[in-house]
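No lab work stands behind these numbers, since they all come straight from the coordinates. No experiment lies behind these values; they were computed from the predicted model shown. Don't worry about glycine lacking a Cβ; one is built from the backbone with ideal geometry, like all the others, and counts go over all protein chains shown.
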Amino acid sequence: MTHPLMRLFVDPRSTSSPLSTGLLVLRVLSGGLMALHGAGKMVRPFTWMGDNPPLPVPGVLQFLSASAEFFGGLAWMLGLATPLATLGIAVTMLVGILIAHIPVGDPFIRLSVRGMTTGPGEPFWGLPTWLVRAGGRSVGGSGSSELATLYIAISVMMLVAGPGRFSLDAWLTRKLAARVASA
């Protein structure tokens with residue numbers, strides 16, 4: 001368990017029960033949502049972006065993205081291979097922001113409240129349009145980058161705090177330590 005590469009697959013850190021409870025709730029909820037986010041893509045994992053994406057993305061990269069979302073979400077829920085799952089999710093969300101949101105002019109937050117601006121693209125209460133905009137989706141855009149950014153923030157939390165003691169990573173660490181101690 002001392003090999004540095006092992007930390008990529010199992011996070012051995014132990015945390016207090018209150019923090020572990022919060023991490024469990026965060027992992028199960030965000031992991032379930034992330035798995036659902038990727039589930040639809042797993043139906044056509046090599047072609048989920050369609051025939052005419054803004055940037056031609058090779059099928060193998062589409063597969064890696066769909067897999068990171070679906071299997072990474074399941075791994076978060078279980079607290080299994082948390083560092084690896086977290087890196088996959090964070091990179092996928094960052095790439096999504098860079099190739100799917102920024103190029104089409106999606107704002108950070110898109111509010112769907114009617115009548116709050118006088119026209120499309122107009123600043124919302126004086127804020128810049130890259131930050132917040134009212135109205136529906138932009139042409140070719142997916143709405144906003146706020147959800148992808150939230151998943152990146154959760155990823156940072158998982159990398160900093162670990163999955164907590166109520167995780168398969170912690171259980172595996174305890175089992176391996178007991179095996180080493182008895183040998």
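Values as computed for the structure displayed
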{"item": "Nearest-0.05 FRET efficiency for residue 104 and residue 25, computed from C-beta distance (R0 25 Å)", "result": "0.15"}
{"item": "FRET efficiency, residue 182 to residue 17 (Cβ-Cβ, R0 25 Å, nearest 0.05)", "result": "0.45"}
{"item": "Extended-chain gain in nm, criterion 0.36 nm per residue less alpha-carbon gap, residue 64 and residue 150", "result": "28.9 nm"}
